[in-house]
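Asker: The structure under discussion is supplied below as structure tokens; questions concerning it will follow.
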Amino acid sequence: MSKRIKQVVAAVTARISETDRQFVERYLDPAAAAFFWQMNLPDQRHALNVAYIAGELAAKEKDVDQELLLTCALLHDIGKIKGDVSVADKIITVILDTLVPRWAKSWQRLGRGGKVANLRHAMYIYYHHAARGAAMLEAAGFDKRITGIVARHHEAPADGEPVELTLLRTADSLN
């Protein structure tokens with residue numbers, strides 16, 4: 001639970017520095033950067049943190065496509081679009097997923113509306129953002145290696161997966 005509290009504090013205090021902006025520009029072309037900047041500030045900060053951690057992890061490995069890894073790290077949560085889910089609903093969703101995950105998964109529903117519908121929508125996005133983000137990238141013509149890694153970053157590990165996916169999952173779990 002302390003990890004979740006730290007995540008809430010990080011979300012509320014999130015900032016993007018000029019160095020962060022330069023990092024995004026270095027690893028994302030303008031089309032990819034447009035997707036990155038569509039996320040809300042806490043998700044941008046999280047993606048940057050994941051990318052920095054992934055870069056550190058990649059330095060200890062061999063045969064890693066660092067550009068692919070860092071691109072995927074920066075884009076892994078683009079299925080969470082700015083304005084689609086409120087920070088309060090996101091916090092409640094994380095708490096519900098931590099305390100009553102089976103119920104939370106059964107209660108999710110796509111579609112905004114009143115307060116309850118918005119919370120259910122937040123839960124839907126929480127559980128489906130990986131597939132949603134991959135579909136967005138695929139529709140925009142992104143490389144299948146990127147869309148595949150983004151789509152599977154919350155799935156259970158499987159044999160034969162790219163090392164970049166494994167490193168992304170590890171970095172994501174550490175932030």
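Asker: Any residue in the stretch 129-136 that is touching a residue at least 12 places away in the same chain (Cβ under 8 Å), in a helix (DSSP H, G or I) and more than 17 Å from the chain's Cα centre (by Cα)?
Answerer: No, the stretch 129-136 has no match at all.
Asker: Right, next: For the condition under 18 Å from His46 (Cα atoms) and at pLDDT 95 or above, what is the one hit in Arg169, Arg120?
Answerer: Arg169
Asker: Across the stretch 15-51, which residue is farthest from Leu137 (Cα to Cα) among those that are in contact with a helix residue (DSSP H, G or I) (Cβ under 8 Å, 6 or more places away or on another chain) and surrounded by fewer than 16 Cβ atoms within 10 Å (Cβ to Cβ)?
Answerer: Arg15
Asker: Let me ask something else. Consider the stretch 52-85. How many of its residues are closer than 24 Å to Lys144 by Cβ and surrounded by 15 or more Cβ atoms within 10 Å (Cβ to Cβ)?
Answerer: Here the count works out to 20.
Asker: Give me a count of the residues in the stretch 62-110 that are farther than 25 Å from Ala34 by Cβ, in contact (Cβ under 8 Å) with a residue 12 or more places away in the chain and part of a loop (DSSP other than H, G, I, E, B).
Answerer: Qualifying residue count, the stretch 62-110: 4.
Asker: Hey, could you check the stretch 21-61 for residues that are touching a Gly at 6+ places or on another chain (Cβ under 9 Å) and assigned to a helix (DSSP H, G or I) and say which is nearest to Gly133 (Cα to Cα)?
Answerer: Of everything passing the filter in the stretch 21-61, Phe35 is nearest to Gly133 (Cα to Cα).
Asker: Additional query: Go through the stretch 156-167 and count every residue that is in contact with a Leu (Cβ under 9 Å, 6 or more places away or on another chain) and either closer than 17 Å to Met39 by Cα or surrounded by fewer than 14 Cβ atoms within 10 Å (Cβ to Cβ) (or both).
Answerer: The qualifying residues number 1.
The values are calculated or read from the model by the stated rules, or taken from the named source; none is laboratory data. For clarity, every value in this text was computed on a predicted model and none was experimentally measured. Quick reminder, even Gly has a Cβ in these numbers, built from the backbone with ideal geometry, and neighbours come from all protein chains shown.
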